[in-house]
Amino acid sequence: MEDSHVHVVVDDDSSSMKPTGASSASPVATVLDLEAGGGSSETDYGSRANWLRAAVLGATDGLVSVASLMIGVGAVDQTSKVMVISGLAGLIAGACSMAIGEYVSVCTQYDIQKAQMVRDVDDRMENLPSAVEAAGASALAFSLGGLSPLLVGGFIKPHVARVVAVCAVTSLGLGGFGVAGGLLGGTPVKKSAIRVIIGGWLAMLITYGVLWLFGLAFNF
């Protein structure tokens, strides 16, 4: 019975085998091309840089700012009402500040890159950052980050327990945001989390220490 499969002709002058009656693109070549990245769709971490930077910065800043403010005020006035009000004020002011700051910053970056495009025709419009996207991500992340220490401080009455709870929740949140930033950005997760936690603790300790000394100096 005649073989209906594609016949393979072996060239003595070369080690390659070329099928007759088949298309020029062999399955092996196609597989090698896919493995080399010709048909694969790798994650473009660079495209996430704009909103990821704003979100991680906003969430971290929200946690650290609100928690530090509450703990610092608690060093002078230990009542829960004062701590909660100060934390709420810091949350609102910080979210607005982050949004405005990100918007202005990204608008400036946009103008610079757009001006550069006039001189460099190789740049693409899709590489330009979005000011509204960065501002929204930053404000939302700041608000979400600052809510956790604010809610914890509002429900716990004893001062020492309240400060410990705020520090604990803030540390967990900072670690979580550090891990998320590392995963989404394709960077070392452990290094990212440790860096964020240490920075947050330093901010809280400095704020508490300065206001505690201020309270001692002026008898508050």
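Look at ALA203 and say whether it is over 15 Å from LEU69 (Cα atoms) and among the aliphatic types (A, V, I, L, M). Considered against the rule, which asks whether it is over 15 Å from LEU69 (Cα atoms) and among the aliphatic types (A, V, I, L, M), ALA203 comes out as no.
From the list VAL179, VAL164, the one residue that fits, being closer than 15 Å to GLN78 by Cα, free of Cβ contacts under 8 Å to residues at least 60 places away in the same chain and either hydroxyl-bearing (Ser, Thr, Tyr) or in a helix (DSSP H, G or I) (or both), is VAL164.
Looking at THR207, is it at pLDDT 90 or above and within 16 Å of GLY58 (Cα to Cα)? Spelling it out, it is not the case that THR207 is at pLDDT 90 or above and within 16 Å of GLY58 (Cα to Cα). Scanning region 169-205 for residues that are over 24 Å from ARG53 (Cα atoms) and touching a helix residue (DSSP H, G or I) at 6+ places or on another chain (Cβ under 8 Å) gives no hits. The set of residues from region 130-145 being under 12 Å from LEU52 (Cβ atoms) and either among the polar types (S, T, N, Q) or outside any helix (DSSP H, G or I) (or both) comprises just one member, SER138.
Would you check if VAL121 is touching a helix residue (DSSP H, G or I) at 6+ places or on another chain (Cβ under 9 Å) and either modelled with pLDDT under 85 or of a type in the set (A, V, I, L, M) (or both)? It is false that VAL121 is touching a helix residue (DSSP H, G or I) at 6+ places or on another chain (Cβ under 9 Å) and either modelled with pLDDT under 85 or of a type in the set (A, V, I, L, M) (or both).
The values are calculated or read from the model by the stated rules, or taken from the named source; none is laboratory data. Since the structure is predicted, the reported quantities are computational estimates derived from the model, not experimental observations. Note that each Cβ is placed from the backbone with ideal geometry, even for glycine, and that neighbours are counted across all protein chains shown.
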